[in-house]
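**Q** Take a look at this one; I'll ask things after.
Bear in mind that the values in this text are calculations on the coordinates, not laboratory data. Owing to the predicted nature of the structure, the values given are computational and were not obtained by experimental measurement. Don't worry about glycine lacking a Cβ; one is built from the backbone with ideal geometry, like all the others, and counts go over all protein chains shown.
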Amino acid sequence: MKVLIVGSGGREHAIAASAAKSSKVEKMYCALGNAGIEEFAECVPIGAMEFEKLVAFAKEKSIDLCIVGMDDPLVGGLVDEMEAAGIRTFGPRKNAAILEGSKAFSKDLMKKYHIPTAAYENFTDPDAAIAYLETAKFPIVLKADGLALGKGVLICQNFEEAKEGVRTIMLDKKFGTAGNEMVIEEFMTGREVSVLSFVDGKTIKTMTSAQDHKRAGDGDTGLNTGGMGTFSPSPFYTKEVEEFCSEHIYQATVDAMAAEGREFKGVIFFGLMLTEEGPKVLEYNARFGDPEAQVVLPRMKNDLIEVVEACIDGTLDQVDLQFEDNAAVCVVLASEGYPVSYEKGFPIQGLEEFNKHEGYYCFHAGTKLQDGQIVTNGGRVLGVTAKGKDLKEARANAYAATEWVQFENKYMRHDIGKAIDEV
Ligand code: AMP
Ligand code: GLY
């Protein structure tokens, strides 16, 4: 079959690498793609938000299956447009992608269906938000309602900071229209775990767990980023935690969406916090995580295309989802200065090393081909993933592999997976 992947980051590279293993795939395209995805798919210069062009391309090439990796086109309704044109597409429709697209929606859903999450209030009026903050407990968390590249969350230590935060989100519109509405929620403490799942509208099957490292600097210091590294599985995601989430969170979310007339098909990403009162939902995403996909998909034993088709067809209950009994660690190689400002266009050396070693992957995030040479083209440049029999071995392997690759201004965190030493 002919497959079109929509997206251009490390996550889409991991999806393409996984899909390429399927005997069902004869030809793959990726819009926009990047220099690494090129190995598996023909990259086409159409942006993820250029719906008309994407649909026209899919029709012209008789695409049998479209996989949407990114949040923006999902929330914008690309799946609906593709389906209207008769193209089978993996991902939630617009009315279901709102689970990620509106934090106010997702909080109200959780409240209505008794899914554990932080206590909160939604606001459309900045004065009302500030009045609420006058009697609130600190620290407190402010969240822009809409998509904000993972940066629309402010943790405020006192009233002054929070008041400033309301101004930033709702009046200065730092995150654009994402700040037309705002969630103010209770600050929680605990370990964070990411659990991705496949959903076919009724049935949900969770994948192996993972943990991201969102801050730019070692020891979780510095600014929030798109993610500086991941490990999988999370040793903190115990059998008890899994049982609790299965009983109170996973199926409850799928059922809630169905009850609201918003049948969810695709990937639900549960951002969980393991609090003293038990696991609670921090956020939902309506897609694979990035860089979670880079440690989860390489460990999946199933044919990705078969699972994706089962989600579309509503036959996920017949799929036996299986993961390897090992571990993986992904260390992101970024450009010095990310996430604020950084230079691009530096040649990257050493990529060929990854073809020589089983269980090692170099997923491209921000790269491009320039005059036959792969160069840096973004803040996050590469995601170096390695497997190992356990987390410690996987981490040692991943860090060893980061040395294979060289480019000017290469920056990485040195403590990805350090938390596993505490287990
Ligand atoms: P989100 O985009 O909602 O996942 O938020 C981004 C990050 O902010 C999370 O990964 C947490 O580290 C932090 N965060 C979000 N909500 C809360 C909360 N209620 N309490 C503590 N930290 C939070
Ligand atoms: N790694 C977090 C995300 O994909 O949103």
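**Q** Excluding residues fewer than 8 places away in the same chain, name every one of the aspartates and glutamates whose C-alpha is closer than 18 Å to that of Lys280.
**A** Glu100, Asp108, Glu121, Glu185, Glu186, Glu192, Asp212, Glu240, Glu242, Glu243, Glu247, Asp255
**Q** Show log10 I(q)/I(0) for the stretch 290-423 at q = 0.22 Å⁻¹, two decimals, from a solvent-free Debye sum over equal Cα scatterers.
**A** Evaluating at q = 0.22 Å⁻¹ gives log10 I(q)/I(0) of -1.23.
**Q** Taking 0.36 nm per intervening residue step and subtracting the Cα-Cα distance, what contour gain separates Asp255 from Glu186 on full extension?
**A** Gain in length upon complete extension: 22.3 nm.
**Q** Compute from the Cα atoms of the chain the Rg and the Dmax, the latter being the longest Cα-Cα distance, and quote both in angstrom.
**A** Both quantities, over Cα of the chain: 20.7, 61 Å.
**Q** Here is a follow-up. Any chance you could check the Cα centroid distance between the stretch 181-207 and the stretch 319-333 for me, in angstrom?
**A** One Cα centre to the other: 19 Å.
**Q** Among Lys137/Lys163; Lys151/Lys214; Lys27/Lys94; Lys112/Lys173; Lys2/Lys368; Lys344/Lys368, which pairs are too far apart, with a Cα-Cα distance over 19 Å?
**A** The pairs that break the limit, which is 19 Å between Cα atoms, are Lys27/Lys94; Lys112/Lys173; Lys2/Lys368.
**Q** Report the FRET efficiency, 1/(1 + (r/R0)^6), for Lys61 and Asp320, where r is their Cβ-Cβ distance and R0 is 30 Å, rounded to 0.05.
**A** So the FRET efficiency works out to roughly 0.40.
**Q** Working only with C-alpha atoms, what are the Rg and Dmax values of the stretch 186-268, expressed in angstrom?
**A** According to the Cα coordinates of the stretch 186-268, Rg and Dmax are 15.0, 44 Å.
**Q** Once amide H atoms are placed 1.01 Å from N in the peptide plane, what residues at a sequence separation of 5 or more from Ala35, or on another chain, have their amide H within under 5 Å of its amide H?
**A** The list, which skips near neighbours in sequence, is Thr367, Lys368, Leu369.
**Q** Follow-up. Ratio of the stretch 208-345's C-alpha Rg to 2.2 N^0.38 Å, to two decimals?
**A** 1.18
**Q** Between Asn158 and Gln406, take the C-beta separation as r, use R0 = 60 Å, and let me know the FRET efficiency to the nearest 0.05.
**A** 0.85
**Q** I want to check the label-to-label distance for Glu247 and Lys173. Put each point 7 Å from Cα in the C-beta direction and report it in nm to one decimal.
**A** Here the answer is 4.7 nm between the modelled labels.
**Q** Report the local net charge at Met49: Lys and Arg +1, Asp and Glu -1, summed over other residues whose C-beta lies under 12 Å from its C-beta.
**A** -4
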